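The values are calculated or read from the model by the stated rules, or taken from the named source; none is laboratory data. For clarity, every value in this text was computed on a predicted model and none was experimentally measured. Using ideal geometry, Cβ is built from the backbone for each residue, glycine included, and neighbour counts are taken over all protein chains shown. Protein only, heavy atoms only, side chains kept; ligands, DNA and RNA dropped before computing areas. Shrake-Rupley method; radii C 1.70, N 1.55, O 1.52, S 1.80 Å.
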Amino acid sequence: MKAVGYQQAGDLDREDALVDIELPRPEPGPRDLLVKVAAVSVNPVDAKIRRNRAPLTGAYDVLGWDAVGTVEATGAEVSAFKAGDRVYYAGAVNRPGCNAEYHLVDERIVGRTPASLSDAQAAALPLTAITAWELLFDRLGVAEGGGAGQTLLVIGGAGGVGSILVQLARQLTELTVVATASRPESVQWISDLGAHHVIDHTQPMLAQLQAIGIEQVELLASLTHTAEHYEQYIECLAPQGKLGLIDDFDSLDVLKLKPKCLSLHWEFMFARSLHQTPDMIEQSRLLNRVAELVDKGTLKTTLGEHFGTINAANLLKAHRLLESHKARGKLVLEGF
């Protein structure tokens, strides 16, 4: 089968940073689906692993943790899917990625693709939908239909996770949703997705919040550049507020959270699959719920740009844009 992989961890300045390769078609384990991949999208985790992790097995590692495709075959213990089913999922970070014609994934982290979306439109959703859903409802503890009288501040609202988090918060809760963006096109993007207010994270944020009548926020989701803005987060959060994080950095001084009794919540959507937690099936249920909301028109795809067919050259272009931090929405590739 065709695939795109890398042999040596590092930056994009090498010609072989990503290469087209041929690999054996994999065979499903007991709870695996063998999926014929139709479309994929690119996420920050792809770039992070490509830069820092040597191949786990064999000469090459395959990246990719967002896929839409059709079930080709199933393992002996699979019960929820059958050959021919159209599925979408984010996969597991400790298994080969989906930038390949055929891909194995545990059925417990797979959902049925929204019927109203094309393959490319659906490929934009799984990883960010899981991350945003878990962050909002599981980590920050907001109840569906709840949050009245509270404000959620989303840092980096125009990115992949922000684009779905803003929608979930606006459509499924009573929260006031404030998101940040620094470019006119990003401001428009977030406004169109439903943010009540948009402020600029390159300027002092508390003053901007107070200018729109919000003294402090009860909830803050930091999706990027956490270490850079950390001091401002503490200013913006109300006493007993909650800070949710998804990005990586060297360190944070958590002692600074104590005077306001602020709580810190990490979201890592691969934790369930990585540790085979008893509630792994929740990601399948979550993705099926998201599909229903999309098909009802409550949520919409966050596809930002289509990069053509799935090959090394196009994936390199997508990685470069992703690492520029100027991407809006999700970057998608389709077909081989």
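Given the options I310, I130, I281, state which has the largest fluctuation in a GNM of the chain using a 10 Å cut-off (strictly under) for Cα springs. Looking only at I310, I130, I281, the biggest GNM fluctuation is shown by I281. When the solvent-accessible area of the chain is split by element, carbon and sulfur atoms take up 50 percent of it, the probe being 1.4 Å. Coupling constants for region 111-121 follow from the phi torsions by the Karplus curve (6.51 cos²θ - 1.76 cosθ + 1.60, θ = phi - 60°), and in residue order they are x, 7, 4, x, 5, 7, 10, 6, 4, 5, 5 Hz; glycine and proline get x. Cα convex hull, region 1-95: 101 Å³ per residue, rounded to a whole number. For region 145-195, list log₁₀ I(q)/I(0) at each q in 0.30 Å⁻¹, using the Debye formula over Cα point scatterers of equal strength and ignoring solvent, two decimals each. Scattering profile of region 145-195, log10 relative to I(0): -1.12. Under 5 Å between amide hydrogens, built in the peptide plane, is the criterion, and for H265 it picks out L243, G244, L245 among residues at least 5 positions away or on other chains.
Can you compute log10 of I(q)/I(0) for region 245-336 with the Debye formula, treating each Cα as one identical point scatterer, at q = 0.12, 0.15, 0.25, 0.26 Å⁻¹? The Cα Debye sum returns log10 ratios of -0.70, -1.01, -1.13, -1.14. Net charge in the neighbourhood of R14 (other residues with Cβ under 12 Å of its Cβ; Lys, Arg +1, Asp, Glu -1) is -2. Segment Q8..A148, full-extension length gain: 45.4 nm, with 0.36 nm per residue of separation and the alpha-carbon distance subtracted. Bridgeable lysines around K82 (alpha carbons under 24 Å apart, same-chain partners fewer than 8 residues away excluded): K2, K36.
Length gained on full extension, E15 to T57, computed as 0.36 nm times the residue gap minus the Cα-Cα distance: 12.9 nm. If you take the square roots of the eigenvalues of the alpha-carbon gyration tensor of region 87-208 and sort them as a ≥ b ≥ c, do you get rounded (a/c under 1.5), prolate (a/b over b/c) or oblate? Cα axes put region 87-208 in the prolate bin. Going down the list K300/K326; K260/K326; K48/K330, which pairs span over 27 Å between their C-alpha atoms? Exceeds cut-off: K260/K326.
Comparing A211, A143, A123 in a Gaussian network model of the chain (Cα springs below 10 Å), the most mobile by mean-square fluctuation is A211. Shown here: semi-axes √(5λ) of the Cα gyration tensor in Å, derived from the displayed model; of the candidates (1) 34, 22, 18; (2) 28, 21, 21; (3) 43, 23, 18, it corresponds to (1). The calculated pair-distance distribution of region 1-42 uses every alpha carbon pair, bins of 5 angstrom beginning at 0, and gives 5, 16, 20, 21, 19, 12, 6, 2, 0 percent. If R0 is 30 Å, the Cβ-Cβ spacing of V254 and R285 corresponds to a FRET efficiency of close to 0.40.
Beta bridges assigned by DSSP with both partners in the chain are antiparallel in approximately 55 percent of cases. Prolate is the label for region 207-278, because the ratio a/c of its alpha-carbon gyration tensor axes (a ≥ b ≥ c) is 1.5 or higher and a/b is greater than b/c. The Cβ shell under 10 Å around Q216 holds other residues with a net charge of -2, Lys and Arg each +1, Asp and Glu each -1.
Around R31, what is the net charge, scoring Lys/Arg as +1 and Asp/Glu as -1 over all other residues with Cβ under 9 Å from its Cβ? Its environment carries a net charge of -3. Note on region 234-312 and region 167-223: Cα centroid distance 17 Å, given to the nearest whole angstrom. Considering only G162, G297, G69, the Gaussian network model of the chain with Cα springs below 10 Å gives its largest mean-square fluctuation to G297. Using a cutoff of 8 angstrom between alpha carbon atoms and counting only pairs six or more residues apart, the relative contact order for region 64-134 works out to 37 percent.
What the chain shows is 42 Å² of accessible area per residue, with the surface traced by a 1.4 Å probe over protein heavy atoms. Here is the list for region 71-164: trypsin sites (Lys or Arg not before Pro) lying in DSSP coil, each with at most 14 other C-beta atoms within 10 angstrom of its C-beta, are K82.
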